[in-house]
1. Would you call ILE111 in the same structural domain as ARG332 (by TED's automatic domain parsing), on the phi < 0 side of the Ramachandran plot and surrounded by fewer than 18 Cβ atoms within 10 Å (Cβ to Cβ)?
2. Please work out which residue is surrounded by the most Cβ atoms within 10 Å (Cβ to Cβ), limiting yourself to the range 148-183 and to residues that are over 18 Å from ALA302 (Cα atoms) and at pLDDT below 90.
3. If you go through the range 104-145, how many residues are assigned to a loop (DSSP other than H, G, I, E, B) and closer than 20 Å to ARG84 by Cβ?
4. Scan the range 34-61 residue by residue and report those that are at pLDDT 85 or above and more than 18 Å from ARG83 (Cβ to Cβ).
5. Residues that are at pLDDT 90 or above and within 28 Å of ASP176 (Cα to Cα): does the range 260-274 have at least one?
6. Restricting to the range 275-304, name every residue that is on the phi < 0 side of the Ramachandran plot, loosely packed, with under 15 Cβ neighbours inside 10 Å and touching a residue at least 12 places away in the same chain (Cβ under 8 Å).
7. Which of the residues spanning the range 305-322 are more than 19 Å from the chain's Cα centre (by Cα) and surrounded by fewer than 13 Cβ atoms within 10 Å (Cβ to Cβ)?
Amino acid sequence: MDDLTNSYDALCNDISTLIDESRRRIYAHASGSTVLLFWNIGQRINNEILENKRADYGKQIVSMLSTQLRAKYGSSFALRNLRRMIQFAEQFPDFEIVSMASTQLSWSHFIEILPLNTLDAKLFYLNEANRGIISVAQLREMINRKTYERKEIADTQISSISPIPLGTFKDPYLFDVLGIKDEYLEDDVEEAILRELEKFILEFGKGFTFVERQKRMIIDGRDYKLDLLLYNRHLRRLVAVELKYGRFEAANLGQMRLYLGWLDKYERQESEEAPIGLILCSESGREEIELLQLDRDGILVAEYWTTLPPKAEFEQKIHAILAETRDRLSQRRLLLLEDENDS
């Protein structure tokens, strides 16, 4: 009897698994089909409006369509959603991109992405969501925390000859999840990171894993300790992280160079790329960092914020930093062009 019961239980579990997997495939297929349908509807409406060449016709036709389609097919074709479909086809004219993304992402994912200001930002979040297959709530959190803008700020430090790939780091890093009070020391941050290691790694991004804290290095008989050693699976690199309370100092550069040299000699595996470093400071002098050209040595400097300002203030700060860094980058390019012309 026990054998019969066990056999039945195994059969029931196998069939339940088949049903669950089939339902997931059906849902994913239905979700993807909906995304493609909405893109095609938006594309068809756009073509109709363009062919007619009358501004008032566009408004009338969309309103009339919404009324008729909603009565026939339900609330998915309400005027607001129909307008989103039109935006969707306008903002993502490449059907191949939409088709590939639709296999992983739902219409709700695209609704979060559509209001963003630039195509680069839209494609960044689309790729991030697609690569990590994250939920709509997680995508919304990434957008609210200005992940794209913070990566763009960090990327302005990286030149064409830097060993650091674009998009590796952010600036600033937001450590509000660590629960540190306003008055803190470097040790407080380090302890909080270890206490909330999973949240810390999530802030760093996909592919990062924790290796060691206070990595010991003996150089010429002297003890040195690196605050944190991470590894990035996508880049196949060790990532050295130093925490500094206060403003970035030029002396921090020499220390990080020493750590990277040691890691390259003693810790790097044959299959890995050269280690890179991140110096995290509570305050950074962005122009000073730019002039030092740290990226050529595989080093990037970023600020860390332990408290997240209110939404409006946070957005204002990030946009101000981004505007400033873009302006400096433009000036640097102009100077390089002038130098080339003079020579």
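The values are calculated or read from the model by the stated rules, or taken from the named source; none is laboratory data. Predicted model, so just to flag it, every value in this text is computed and none were measured. Note that each Cβ is placed from the backbone with ideal geometry, even for glycine, and that neighbours are counted across all protein chains shown.
1. On the way: in the same structural domain as ARG332 (by TED's automatic domain parsing): no; on the phi < 0 side of the Ramachandran plot: yes; surrounded by fewer than 18 Cβ atoms within 10 Å (Cβ to Cβ): yes.
No: the conditions fail for ILE111.
2. Only one residue tops the list, namely ILE180.
3. Residues of the range 104-145 that are assigned to a loop (DSSP other than H, G, I, E, B), as a first pass: 104-106, 114-118, 133-135, 145.
Still in the list and also closer than 20 Å to ARG84 by Cβ: 104-106, 114-118, 135.
Qualifying residue count for the region: 9.
4. The answer is LEU36, and nothing else.
5. Going residue by residue through the range 260-274, those that are at pLDDT 90 or above are 260-274.
Retained after the next criterion (residues that are within 28 Å of ASP176 (Cα to Cα)): none.
No: zero hits.
6. As a first pass, look at the range 275-304 and keep what is on the phi < 0 side of the Ramachandran plot: 275-292, 294-297, 299-304.
So of that shortlist, the ones also loosely packed, with under 15 Cβ neighbours inside 10 Å come out as 283, 287-288, 291, 296.
Selection gives GLU283, GLU287, GLU288, ARG296.
7. Hits for the range 305-322 are THR307, PRO310, ALA312, GLU313, GLN316, ALA320.
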